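The values are calculated or read from the model by the stated rules, or taken from the named source; none is laboratory data. All of these numbers come straight from a predicted model, not from anything done at the bench. Virtual Cβ from ideal backbone geometry, glycine too; neighbours counted across all protein chains shown. What goes into the accessible areas is simple: the full protein's heavy atoms, side chains included, and nothing from ligands, DNA or RNA. Shrake-Rupley method; radii C 1.70, N 1.55, O 1.52, S 1.80 Å.
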Amino acid sequence: MAKQPARARPLAAKVVFAALKILVEKGGEAAGREVIAEIEKREQLDDWAKAVYEKSGYTRWKSMLHFFSIDLIKAGFLVKKKGVWYITPEGEAAIKLGETGLLDEATSKYKSWRNANPKTSRDKIADGNEIEDAVEEGVGEQAQEATIQQMEQLAIDGLRQQINSKNAYEFQDLVAALLRGMSYYTPFVAPKGKDGGIDVIAYQDPLGAVSPRIKVQIKHREAAASVQEIRELMGLLQKEGDIGMFVSSGGFTSDSKVTARTSHVHVELIDLDRFIALWQEFYPKLIDEDKDRLRLRPIFFYEPLV
């Protein structure tokens, strides 16, 4: 595949800048997959940018984004956690520098970090004509870390597809299984038909004598959960020690998030990204029968100190 090194850094500056702007528009945080999808929709990306590397199978512009996101992280402009990206106040301020200025500032800060951490920073920093080789070949710890992040994103996307392929009752059973993996008892999992607004009840002890006692409402659909639905769950939290948990694979509207956050009763909101993160975290504690509902295979990578 023909390399055009002079175009590599401008492409990186373009997609990195777009990513931070999208995060600002989304209130400061968004799933990485949403950011990537939005860049693809709004940015003019030519065939060279959209070409796929023969060795890795990754798209050039996406690889550039992941590679240089390491610069943003070390510069303090960006935080990534469990597939969710967060822009920092420093990142918002850096947007004012423009595409080239932002990436130059991030790279400068990254180099300063590398120089201050020589024991954990043994690889050469990709620059100029070396960028394309580093990204495509996975050369150096920065490229390795970017590759790991891409693999993590692929894993999350695969889990999303599997969960979305399940019906509402299968998803309900997944939620109950997760709670059991978190050491809760689930004496009630709603059967098909009317459930009175509660899909799962979870206790800390077999009899439900110890608080908190969790009442769970579950929605498995593309549409985001509304304020009215959150309030309906709140209305079912009548006993002292009751807390609510609303699991929505379609996420939540901005108003529903505010309502839950400011409520006098505790309602925990779990969207699909958070559900996946919890499933990954507590998967080792699940019994085999529950693991079979959504099986995972652990793969271990060397983790660079970048």
statement: Normalised per residue, the volume inside the convex hull of the alpha-carbon atoms of the stretch 16-125 in Å³ amounts to 122 Å³
message: Run the paramagnetic zone check for residue 6: 7 angstrom along Cα to Cβ, then residues of the stretch 42-84 with backbone nitrogen under 18 Å.
response: 46-49
- prompt: Distance in nm between label sites at residue 254 and residue 46, each 7 Å beyond Cα in the beta-carbon direction?
  reply: 3.7 nm
- prompt: How much accessible area does residue 112 have with a 1.4 Å probe, in Å² rounded to the nearest 10?
  reply: 70 Å²
message: Can you tell me the length gained on complete extension of the stretch residue 53 to residue 79, counting 0.36 nm per residue apart and subtracting the Cα distance?
response: 6.7 nm
Cβ crowding within 10 Å averaged over residues, with 225-238, 270-283 ranked highest first: 270-283, 225-238
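Based on alpha-carbon positions alone, could you give the equivalent ellipsoid semi-axes of the stretch 196-237 from the gyration tensor, as √(5λ), descending, whole Å?
Numbers: eigenvalues 112, 26, 10 Å².
With the √(5λ) rule applied to the stretch 196-237, the semi-axes are 24, 11, 7 Å.
Residue separation times 0.36 nm, minus the C-alpha to C-alpha distance between residue 238 and residue 265: what's the value?
Values: separation 27, 0.36 × 27 = 9.72 nm, distance 0.98 nm.
Extending this stretch completely gives an extra 8.7 nm.
So what is the 222 nm mean residue ellipticity for the chain from helices alone, if each DSSP H run of at least 4 adds -39500 (n - 2.57) and you divide by all residues, rounding to the nearest 500 deg cm²/dmol? Please report the intermediate quantities before stating the final value.
On the way: 13 runs with 156 residues, N = 306.
Calculated from helices alone, the mean residue ellipticity at 222 nm is -16000 deg cm²/dmol.
Ordered by packing density, taken as the mean number of other Cβ atoms within 10 Å over each peptide's residues, highest first, how do 15-23, 65-73, 287-295, 215-223 rank? Write out the running numbers ahead of the final one.
Working: 15-23: 21.8, 65-73: 25.2, 287-295: 12.9, 215-223: 18.8.
Put in order of decreasing packing, that is 65-73, 15-23, 215-223, 287-295.
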task: Calculate the length of the line joining the C-alpha centroid of the stretch 161-211 to that of the stretch 52-109, in whole Å.
output: 39 Å
Kirkwood hydrodynamic radius of the stretch 211-306, from inverse mean 1/r over distinct Cα pairs, in Å: 15.2 Å
query: So how far apart, in nm, are the two label points at residue 291 and residue 166 if each is 7 Å from Cα heading toward Cβ?
result: 1.6 nm
- line: In Å, the C-alpha Rg and Dmax of the chain are 22.2, 68
